[in-house]
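Working notes for the structure below.
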Amino acid sequence: MKRAGPGRRRAIVTALLLAPSTLWFVALLVMPLVVVLVFSLGERAPAGGYQAGFTFANYLNLPARLTAFTNTLTLAPVGTLLCLVFAYPLAYFLAVKVKRAKLMLLVLVILPFWTSFLLRTYAWIILLSGKGIPSWLAVVGIEGVRLINTPTAVLIGIVYGYLPLMVFPIYVSLERLDKRLLEAAADLYADPIATFRRVTLPLSLPGVVTGCLLVFILLMGEYLIPQLLGGGKVFFIGNALVDLFLQSRNWPFGSAVAIALVVIMIVAVGLATRWAKHQGATREVSLL
Amino acid sequence: MNKREFLYHLRRYQQGSISRRQFLGATGLGVASAVLATELGLRPRRAFAGDIGDRVSLCTWPSYHDPANLEVFTQATGATVEMTVFGSNEEMMAKLQAGAAGYDVLVPTNYTIRDYASQNLIQPLDLAQIPNHDPSAHDTRFTGEGAVDGTVYAVPKDWGTTGYVINSSEVTEGPTTWKEFWDLTQTTHSGRVMVHDYQLTTIGNALKYYGYSFNSIDAAELAKAEELLLAVKPHLFGINSDYKPSMLSGDAIMSICWTGDAVQLRRENAAMQYVLGREGGEIWTDFYAIPADAPNVKGAYALIDYLVTPDINAKEVLFHGYPSTDARTNALLPKELLEDPILYPAAEVLAPLEFGATGLITNEARAELFARFKSA
Amino acid sequence: MPDVEFRGVHRRFGPVRAVDGVSFAITKGSFHSFLGPSGCGKTTSLRLIAGFEQPDEGDVLVAGVGMGGVPAYRRPVNMVFQHYALFPHLDVFANVAFGLRQRSPRPTRAELGRRVDEALALVRLAGYGDRRAWELSGGQQQRVALARALINRPTVLLLDEPLSALDRKLRRDMQFELQTLQRDVGITFILVTHDQEEALSMSDSVAIMRDGRIVQFGAPNELYDAPVNRYVAGFVGETNFLAGRVVERQDDRASVRLDDGRVLAAPLSAGGPGLAVGEAAVIAVRPEAIQLWPGGDPAPTPLDQMFEGHIESRIFLGDQIEFAVQGDLGRILARAPKAAISVRGDLVPDTPVRFGWENESALALADV
């Protein structure tokens, strides 16, 4: 018993130390999720909202939002990929090529974040509308281009809005990259392309994976960009949720859609993490 | 898009007033708040109203109040007006249903008041505390729904209609009906027409295509309306209640439209014409009400009383472009405004219009129909 | 034909002349070192050969071919980097195979495996192919870096302070290994170091650099025996310098008047420029050339120069003892083998001593 004393005390201390984070976790993550789960099994009250019940009807009704799911599950990955395509060269430029004024350029990357996202996206509405970019294209002979209220406009908005989220993790991983490794590769006959492919890219994968996960997860819940730049014609799961909670006030069905979104996200992120870990194991790069 | 135009839009955005009803709101950003008309360099001083607290929270629609009026209120009472704008009645109700919204004054539309009252979301009004409101000055046609079963829950603000706006330099067919609106959308003007992101008006006016009631909840009639909407959707430029920028930029040339927006659009471009479909459509009245859980009831009464004062209300009308229901206010307005056919349509087009029906705001069939249309 | 040649090479970084008009030729198959303090231009010279830097003026030739416009990845040279620069995402095998995989035609899998095994065996790391760089000790990483470079059979192997990160014992071993390796593979090695002992002990030729210029280029014994000036003498070994001005010149010797009025004579350095009367000069005396004995005793042998002082400190250097003597000439270092008769137990600090040297064992050098 004497020996159990300190051990038990240690256990109590550990429990006490863990208590705040556990409470935090339960209060902020588990409890809301439980509420949503319970709601998703209930019924819509006649005046809207939630009414207790136990039915899977909301889940069976999910195909009614199939388009929203397919839109999100195509445009979110495509948007993530586009962000990556635009962000990587920018991050590379900032981390490797820029010597002076680096801080200033980094600030420029996040500068748009200092103004309202809504205001910036509204500026894009103006740019993409008929009197914006399409009218400039018409001047050089490319007529009849329509951008606003199309999936292209939504993707442009996504790339614009999420670029910094992609740039920074990649920038950090490229910044940390030992520049001598690039010289070593050149010394070993690797031309710039081979150096990029065999050294720079593999070593910046942690940043790429972080950036992609960050952007993808947020894109899965995106609703503002499709609403504003898609003109209500490009409909994401996020838009379906906003409508269900804020317009038709069908909380149970909204909860079912939310749960479905969470499940899809867990599966997608799980697969991505697994792939990243696999890459990490074969390349010995700590990806996560 | 030239610089002047951009700055103009920017300024309107900053005022929290891009369009009536739906900019922030219908975009899903219903909680976006714009605090306006606060201490603009002037230290509020306490005056006659005595202690009404230092803030009154007003829950309303975009572009719906003259900031100068609110400023005067603040100077007179010491209470700043905290303004929150919403996109739709649905959204406003959703916010109140969720509880503890903290609003003092609400601007609901006629057809929602009974639902608010039956859910105990708003409180009966003590008219003695709104001495500047004179029921006899209002046309009962517009004011009836402020009372539920004899209890007054709301006092009228202004009224309006829902028709459609056309850019007559492009829409040259001179349409006069909802049937023409929907047919032109699917043919000649495909890709350049907008409808509201608002089930009441979009479904209601689709119902008018077949001559059904704007307020129908008949399953068969709704099925027909859905069929039309799904057929129209690929031809739409957008589903958005923020249609003014697209109309002005020329991307859209026809859109479902409210009275005040039509007035504002015509101010920008004389080719903008307002059409009330001959089949009918919506006529509505907006009211002032006080939420049941309003934190500052005294302040709420003070603000409502101030805003319904005829000379103040006249300034409001000049700002937002919707006709007042108050004869005393109208007496103070210029003649050309009172004769404007957008504000005051001819009797024969006004006659078939319907007020939105009680219950539509909570109707699941219409809500789901609209959601299917949007997500199709 | 020399393997590496510089012809009037300049490389400037802003106002800094990192390499300032350097010309030299390194014999094929030799072990050459660049020696000098940091910032002297030795590393820039190496990077000019590797192709990481391009000369602003002049030509760099490798195996007789001008390297102007040839990028690093097309040069027949390989480098061992200061901190090895092993690829952290690749195992030892892939690190070593990296260069071969970039060549065309690409070697077959079997050929690749054979060559990598061979290279690893050469650096005594057979069987380490599947290890990660960070699982290896410093010395092992060093050898992987060597194997990674040597497997390509370059014309020239460049070594940038390759041993600086190793401890003393390991460093000695690796110096020996490098020398052996160089003899075995027979290619030109060019080493950059700030460690004179390393440079002198390993190299066939050494270039001592200062402020972007080569001060002296020669075999280690030339540099030691015939330094061109005070700077080189100071760099290749510890030396006592007695500064003054030339007062008299004969063919191969000079007399220098020290600041305190003494006049000392010494032969001119064979490698140095002829000193003119009035020129600033130093008399350089190696510590091991100085004899030392207790103050009251007569000189053990007749000496040209003799002075008095007292022991300030004594330090054991293994087989030698080093004395610091404070006296007539200020502070002088003297070094004697432990076995020498003159090194007695009574030569402790504060003991009055006499010391001196033969003029022939000193050198008169330009004071630059």
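For the reader, a short list of remarks on this structure follows.
- Max-minus-min Cα coordinates of the stretch C:238-285 on each principal axis give 26, 26, 14 Å, with the largest extent listed first.
- Cα-centre dipole for the protein assembly as shown with unit charges at Cβ (Lys and Arg positive, Asp and Glu negative), debye to 20: 2100
- Selected from C:V256, C:F189, C:G234, residue furthest toward positive end of dipole (the stretch C:163-263; charges at beta carbon): C:V256
- Secondary structure note: in the protein assembly as shown, about 70% of the DSSP beta bridges are antiparallel.
- Ranked list, fewest to most other Cβ atoms within 10 Å of each Cβ, for B:W159, A:W251: B:W159, A:W251
- Overall dimensions of the stretch A:196-246, expressed as equivalent-ellipsoid semi-axes from the Cα gyration tensor (√(5λ), whole Å, largest first), are 34, 11, 6.
- Cα-Cα over 28 Å, subset of B:K157/B:K335; B:K208/B:K374; B:K224/B:K374; B:K157/B:K374; A:K99/C:K28; A:K102/A:K179: B:K157/B:K374; A:K99/C:K28
- With only the Cα atoms considered, the stretch C:4-225 has a convex hull volume of 121 Å³ per residue.
- Percent breakdown of C-alpha pair distances by 10 Å bin, ordered from the shortest bin, for the stretch C:1-114: 12, 37, 31, 17, 3, 0
- At q = 0.20 Å⁻¹ the log10 of I(q)/I(0) for the stretch C:287-358 amounts to -0.73, computed by Debye summation with a single uniform scatterer per C-alpha, solvent ignored.
- Note on A:K131, A:K99: ascending count of other Cβ atoms within 10 Å places them as A:K99, A:K131, the fewest first.
- With distances taken between every two different alpha-carbon atoms, chain A has a Kirkwood hydrodynamic radius of 22.5 Å.
- The eigenvalues of the Cα gyration tensor, multiplied by 5 and square-rooted, give the stretch B:227-376 an equivalent ellipsoid with semi-axes of 30, 24, 16 Å from largest to smallest.
- Applying 0.36 nm per residue to the separation of A:R100 and A:V140 and subtracting their alpha-carbon distance, the gain on full extension is 10.7 nm.
- Among B:D326, B:D54, B:D197: highest mean-square fluctuation, GNM of chain B, C-alpha pairs under 10 Å: B:D54
- The share of C-alpha pairs in the protein assembly as shown whose separation exceeds 58 Å stands at 43 percent.
- D by Stokes-Einstein for the stretch A:21-115, Kirkwood Rh over Cα pairs, 20 °C, 1.002 mPa s: 117 µm²/s.
- Taking A:V263, B:V72, C:V22 and counting other C-beta atoms within 10 Å, the order from fewest to most: A:V263, B:V72, C:V22
- For the stretch C:18-34 versus the stretch C:59-108, the inter-centroid distance based on Cα atoms is 20 Å.
- Pairwise FRET efficiency - C:E118 versus C:E360, Cβ, R0 = 41 Å, nearest 0.05: 0.20
- Kirkwood-based Rg to Rh ratio, chain B, C-alpha trace: 0.96
- Cα centroid separation, the stretch B:293-370 to the stretch C:279-326 (Å): 111
- Projected onto their three principal axes, the Cα atoms of the stretch B:59-123 cover extents of 36, 21, 18 Å, largest first.
- Spin-label model, A:F117 to B:A220: label points 7 Å out along the Cα-to-beta-carbon direction sit 4.8 nm apart.
- Tensor-based shape of the stretch C:47-122 (alpha-carbon gyration tensor, a/c under 1.5 rounded, otherwise prolate or oblate): prolate
- Our compactness index for the stretch C:78-197, the C-alpha radius of gyration over the empirical 2.2 N^0.38 Å, is 1.01.
- Debye equation applied to the C-alpha atoms of the stretch B:123-205, log10 I(q)/I(0) at 0.16, 0.17, 0.22, 0.27 Å⁻¹: -0.74, -0.78, -1.04, -1.39
- Zone residues, the stretch C:39-81, relative to C:S23, backbone N less than 15 Å from point 7 Å out along Cα-to-Cβ: C:57-61
Rule-based calculations on the coordinates, nothing more; no lab input. Keep in mind that what you see is a predicted model, and the values were worked out from it rather than measured. Methodologically, a virtual Cβ is constructed for each residue, glycine included, from the backbone with ideal geometry; neighbour enumeration extends over all protein chains shown.
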